[in-house]
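K.L.:
Handing you this structure, nothing more for now.
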There are 2 protein chains.
Amino acid sequence: MTDWKNPPRLFIPGPVLVKDDVLKQLARPTLGHRGKEYAQLHAETVDMLKKLLFTGQNVFISTSSASGIWEAAIRNCVAPDETVLCTMCGAFSDKWASVAKSCGRNVEELKVEWGRAVTPELIDEKLASGKYAAVTIVYNETSTGLTNPAYDISKMMREKYPDVLVFVDAVSAMIGLPMHFDELGWDVAFASVQKAFAIPPGLAVAVVSDRALEKAANVPNRGYYFDFVKWAKSAEKSQTLVTPNIPHIMALNYQCHKLIDEGIENVWNRHKQMGELVRGWAKEKLGLFCEEKYASNTLTAVKNTRGINIAETIKALQEKHNTIFGNGYGKLKEQTFRIAHMGDITLDDLKELLAWIDEETS
Amino acid sequence: MTDWKNPPRLFIPGPVLVKDDVLKQLARPTLGHRGKEYAQLHAETVDMLKKLLFTGQNVFISTSSASGIWEAAIRNCVAPDETVLCTMCGAFSDKWASVAKSCGRNVEELKVEWGRAVTPELIDEKLASGKYAAVTIVYNETSTGLTNPAYDISKMMREKYPDVLVFVDAVSAMIGLPMHFDELGWDVAFASVQKAFAIPPGLAVAVVSDRALEKAANVPNRGYYFDFVKWAKSAEKSQTLVTPNIPHIMALNYQCHKLIDEGIENVWNRHKQMGELVRGWAKEKLGLFCEEKYASNTLTAVKNTRGINIAETIKALQEKHNTIFGNGYGKLKEQTFRIAHMGDITLDDLKELLAWIDEETS
């Protein structure tokens, strides 16, 4: 019987498993958001995020899911008469293009087949026309388990198209994968906290370059809730424009302390090890959905080469072990399934899960 | 020394005091937002909200503060060539007008002095021109402690201007003050949960009429994050468009159960009693900022008739009792101060606070 008070242990690619010590942070007494206690919490948290994301520029905390920042990047930094190039390689990068259209902007699509990467060469070909103000890239496509070569793309863009703004959806990448924001020359990058930060959903982190802020100041009708210019003004006082989601910020503060103590390179390496474990298993037992060189270290999309009934397998695991993993996303349902290996999930957690899947499908 | 982990007990008009049993709900294990557990939580919560708000129409849960719905109401339900009449009687109703402008809409302002109410007569005078598509009203103006005669306004509008949409900021009103959404003929009404729901900030509740939804379907460039049409489609499956703030929805579920058990009329009455207590004290010791007939039952703005140093008084209370109340908002700082009496605050809590203020200022 369905009981939301006794939910399954999560290996879906977000929300991911949250440890009890993290959950407890959400239950701390709340604060006045214009008081000195909040400013202290905010400043501490933003300082740690800047270290973890290698930026000296603007780190904002948004009371929204990351999809709010899809919209914010477009509405703030692309003028109504400009064109944005949306690279598309899966459900989430596709959705970002549709969000850009819903903001009334001119969108040109650069599509590759789901499971393939967006390469510097493909982007270069498009940008050569000179007609784009910005490019959207999904660093790690959660629907296909693919990591785009974001570093190579960024290098090409800095060299050949330094004036084109770079917007990066880092939803299932941030913290789990390297992200040297300033060095990469990115303009907007963001993630929700229910992925590699290992916090329940309800908050997003956005990094915005100084030049993106300057650009925003000249874009009309930016609205209010996601207005980067107003955000920056509030951030000067270690506040947010609107009343923020304080419990989640407390949990974020807690997780940032842990990440800094561990060392971010070690965190990336831990994700790499988890990725290797799950990929090794997938290759042995089934297959990988995307080319191995682009396979993600935060989640794996397994190719269902043996015609396993995935929905039934997930159901069985929930019944026997109160544990679930993810079916394929959208049109990839039953053709693939997805296992998250990010945040506070451990190698031991994954070994247990994989053994259960083996048991159910062998 | 400032320590966000040991914050003061809150009598500011939001975030308000949250009881420990409510805080604990935030720390429950999290859910997959596309799974049956989440749908169960969502459906249960929305059903209760519909009862509490007397509506058979659309109740949405938004991962945002209520200010997101300021923008959503305008962007969804006012076409770019239409004009919205913004009634303004304090900091928050003023801000809503500026938000409407930031969305590129035509705004006409109906201003009354801070501390005065917006009356049906004033609105009638404006609407007689026939040029407005919608009116914005703040039910309870948190900056001035004033409750606008929302029922009388609604009656007048239903009778004389049934085609004009009615948008109501119910931020510090919802739950604390009567709200018969369908009967009032409102189109959009919303609140954050850190007011009378007595939950930490991070979530908003929005009620949207069927006709507002129909209107939205024909308004272009609504964006994505706050798109009512997309929200309604997800709500059919007891889901939200974007990954929702699940911990807060769990706490909201818990609070709705308690409110339904108490009976919403009893809840309103409890707020009335708290309002009477604080107003009685204010009239005896200092004064009320607004006319008593409009004075709010969820917070009181006290007129500083004795030239008390309010900032110093708040500081003293924090030092001695780790408790704070609110200074006046914006230009009303030091001229007024504000005491919240909503949510899970009790008469005993208030008596203790008032005694401490007396002690400090006599």
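K.L.:
Which of the aspartates and glutamates could be linked to B:Lys283 by a straight reach, that is with a Cα gap under 15 Å, when you skip same-chain ones fewer than 8 residues away?
P.N.:
Answer for B:Lys283, where 15 Å is the Cα cut-off: B:Glu291, B:Glu292, B:Asp358, listed by chain and number.
K.L.:
Further question: Relative contact order (percent) for the stretch B:1-134, with alpha-carbon contacts under 8 angstrom and 6 or more residues of separation?
P.N.:
With pairs under 8 Å counted, the relative contact order is 18 percent.
K.L.:
I'd like the mean, over residues of B:133-141, of how many other protein chain beta carbons sit within 10 Å of each residue's own Cβ.
P.N.:
The mean count of partner-chain Cβ atoms within 10 Å per residue comes to 0.
K.L.:
Follow-up question, since we're still on this one. B:Lys293 to B:Arg306: extension gain in nm, 0.36 nm per residue of separation minus the Cα-Cα distance?
P.N.:
Result: 2.4 nm gained on full extension.
K.L.:
From other protein chains only, count the Cβ atoms within 10 Å of every residue's Cβ in B:282-293, then give the mean.
P.N.:
Average per residue, whole number: 0.
K.L.:
Calculate the all-directions average of the projected area of chain B's alpha-carbon convex hull, and give it in nm².
P.N.:
If I average the Cα hull's projected area over directions, I get 17.4 nm².
K.L.:
Determine the total buried accessible area between chain A and chain B, counting protein heavy atoms only with a 1.4 Å probe; round to the nearest 100 Å².
P.N.:
Rounded to the nearest hundred, the buried surface is 4900 Å².
K.L.:
Let me ask another. Determine the share of the stretch B:244-307's accessible area contributed by carbon and sulfur atoms, expressed in whole percent, with a 1.4 angstrom probe.
P.N.:
Looking at the stretch B:244-307 in its full context, I get 46 percent from C and S.
K.L.:
Between A:Phe54 and A:Ala79, what is the label-point separation in nm under the 7 Å Cα-to-beta-carbon projection?
P.N.:
Between A:Ala79 and A:Phe54, the simple spin-label model gives 3.3 nm.
K.L.:
Extending each Cα 7 Å along its Cβ direction at B:Val229 and B:Ile260, get the distance between those two points in nm, one decimal.
P.N.:
3.3 nm
K.L.:
Distance in nm between label sites at A:Ser98 and B:Asp21, each 7 Å beyond Cα in the beta-carbon direction?
P.N.:
In this crude label model, A:Ser98 to B:Asp21 measures out at 4.3 nm.
K.L.:
Quick one: length gained pulling B:Lys131 to B:Lys320 fully straight, 0.36 nm per residue minus the C-alpha distance?
P.N.:
Here the segment from B:Lys131 to B:Lys320 would lengthen by 62.5 nm.
K.L.:
Using the heavy atoms of the protein chains and a 1.4 angstrom probe, tell me the accessible area per residue for the stretch B:93-169 in square angstrom.
P.N.:
Accessible area per residue, the stretch B:93-169: 38 Å².
K.L.:
Looking at the stretch A:217-263, which residues lose a minimum of 40 Å² of accessible area between their chain alone and all protein chains in place, measuring with a 1.4 Å probe and not counting ligands or nucleic acids?
P.N.:
A:Asn221, A:Gly223, A:Tyr224, A:Tyr225, A:Thr243, A:Pro247
K.L.:
Give me the one-decimal Kirkwood hydrodynamic radius in Å for the stretch B:120-217, with the sum taken over alpha-carbon pairs.
P.N.:
In the stretch B:120-217 this quantity evaluates to 14.0 Å.
K.L.:
When the label point is put 7 Å from the Cα of B:Lys160 along its Cα-to-beta-carbon vector, which residues of the stretch B:89-121 have a backbone N closer than 12 Å?
P.N.:
B:119-121
K.L.:
Report, to one decimal in Å, the Kirkwood hydrodynamic radius for the stretch A:172-310 based on all distinct Cα pairs.
P.N.:
Every distinct Cα pair counted, the radius reaches 17.8 Å.
K.L.:
Report the relative contact order of chain B, percent, no decimals, based on alpha-carbon pairs under 8 angstrom and at least 6 residues apart.
P.N.:
Result for chain B is 24 percent.
K.L.:
Follow-up. What are the residues of the stretch B:178-206 that lose 40 Å² or more of accessible area, with a 1.4 Å probe, going from their chain alone to all protein chains?
P.N.:
For the stretch B:178-206, once contacts with the other chains are taken into account, B:Pro201 lose 40 Å² or more.
K.L.:
Taking the Cα centre of the stretch B:1-116 as origin, sum charge times position over the Cβ atoms of Lys and Arg (+1) and Asp and Glu (-1), and report the length of that vector in debye to the nearest 20.
P.N.:
340 debye
K.L.:
Based on Cβ point charges of +1 for Lys and Arg and -1 for Asp and Glu, what charge dipole magnitude is obtained for the stretch A:75-186 about its Cα centre, in debye rounded to the nearest 20?
P.N.:
Value, rounded to 20: 240 debye.
K.L.:
Enter the mean number of other protein chain beta carbons within 10 Å of the beta carbon of each residue in B:60-66, as an integer.
P.N.:
5
K.L.:
Counting DSSP beta bridges in the stretch B:36-164, what percent are antiparallel, to the nearest 5?
P.N.:
The antiparallel proportion sits near 20 percent.
K.L.:
Looking at the stretch B:88-125, which residues lose a minimum of 40 Å² of accessible area between their chain alone and all protein chains in place, measuring with a 1.4 Å probe and not counting ligands or nucleic acids?
P.N.:
B:Ser102
K.L.:
Once you list every other residue whose beta carbon is under 9 Å from the beta carbon of B:Glu292, what net charge do they have if Lys and Arg are +1 and Asp and Glu are -1?
P.N.:
That sum, taken over residues with Cβ under 9 Å, equals +2.
K.L.:
Need one number: % antiparallel among DSSP beta bridges in the protein assembly as shown, to the nearest 5.
P.N.:
50 percent
K.L.:
Express the relative contact order of the stretch A:246-303 as a whole percentage, based on alpha carbon pairs under 8 Å and six or more residues apart in sequence.
P.N.:
Over the stretch A:246-303, the number comes to 31 percent.
K.L.:
Distances in nm, one decimal, shortest first, from A:Lys24 to the same residue in every other copy, taking the label point 7 angstrom along Cα→Cβ.
P.N.:
1.4
K.L.:
Explain nothing, just compute: Karplus ³J(HN,Hα) = 6.51 cos²θ - 1.76 cosθ + 1.60, θ = phi - 60°, for every residue of the stretch A:338-345 in order, whole Hz, x for Gly and Pro.
P.N.:
Going residue by residue, I get 10, 10, 7, 9, 9, x, 8, 5 Hz, with x marking Gly and Pro.
K.L.:
Would you work out which of A:Ala39, A:Thr55, A:Ser102 lies farthest towards the positive end of the dipole of the stretch A:10-167? Charges go on Cβ: Lys and Arg +1, Asp and Glu -1.
P.N.:
Of the candidates, A:Ala39 comes out farthest on the positive side.
K.L.:
Calculate the FRET efficiency for B:Glu121 and B:Asp182 from the Cβ-Cβ distance with a Förster distance of 25 Å, rounded to the nearest 0.05.
P.N.:
Calculated transfer efficiency: 0.50.
K.L.:
Same structure, new question: Suppose every Lys and Arg Cβ carries +1 and every Asp and Glu Cβ carries -1, with no other charges. What dipole size does chain B come out with about its Cα centre, to the nearest 20 debye?
P.N.:
The dipole magnitude comes to about 620 debye.
K.L.:
Working out 0.36 nm times the residue gap between B:Lys272 and B:Asp152, then minus their Cα-Cα distance, what length gain in nm do you get to one decimal?
P.N.:
Here the segment from B:Lys272 to B:Asp152 would lengthen by 41.3 nm.
K.L.:
How much accessible area per residue does the stretch A:201-353 have, in Å², with a 1.4 Å probe?
P.N.:
With the other protein chains kept in place, the stretch A:201-353 gives 39 Å² per residue.
K.L.:
To the nearest Å, what is the center-to-center distance of the stretch A:1-21 and the stretch A:46-68, using C-alpha atoms only?
P.N.:
That distance is 25 Å.
K.L.:
Report the paramagnetic label zone for B:Thr2: residues of the stretch A:26-55 whose backbone N is under 19 Å from a point 7 Å from Cα along the Cα-to-Cβ axis.
P.N.:
A:29-50
K.L.:
Determine the distance separating the Cα centre of the stretch A:102-124 from the Cα centre of the stretch B:72-107; give it in Å without decimals.
P.N.:
35 Å
K.L.:
Please name which of A:Gln335, A:Asn221, A:Val78 has its Cα lying farthest along the dipole of chain A towards the positive end, using unit charges on Cβ (Lys, Arg +1; Asp, Glu -1) and the Cα centre as origin.
P.N.:
Farthest towards the positive pole: A:Asn221.
K.L.:
How big is the C-alpha Rg of the protein assembly as shown next to the rule-of-thumb value 2.2 N^0.38 Å, as a ratio?
P.N.:
The value comes to 0.96.
K.L.:
Given the pairs B:Lys24/B:Lys258; B:Lys126/B:Lys160; A:Lys19/B:Lys5; B:Lys195/B:Lys258, which span a C-alpha to C-alpha distance of over 18 angstrom in this model?
P.N.:
A:Lys19/B:Lys5
K.L.:
Mind jotting down the distance between the C-alpha centroids of the stretch B:235-307 and the stretch A:249-272, whole Å?
P.N.:
The stretch A:249-272 and the stretch B:235-307 have Cα centres spaced 39 Å from each other.
The values are calculated or read from the model by the stated rules, or taken from the named source; none is laboratory data. No experiment lies behind these values; they were computed from the predicted model shown. Cβ sites come from the backbone with ideal geometry, for glycine too, and all protein chains shown count toward neighbours. Accessible surface is based on the protein model in full, side chains and every heavy atom, while ligands, DNA and RNA are left aside. Shrake-Rupley method; radii C 1.70, N 1.55, O 1.52, S 1.80 Å.
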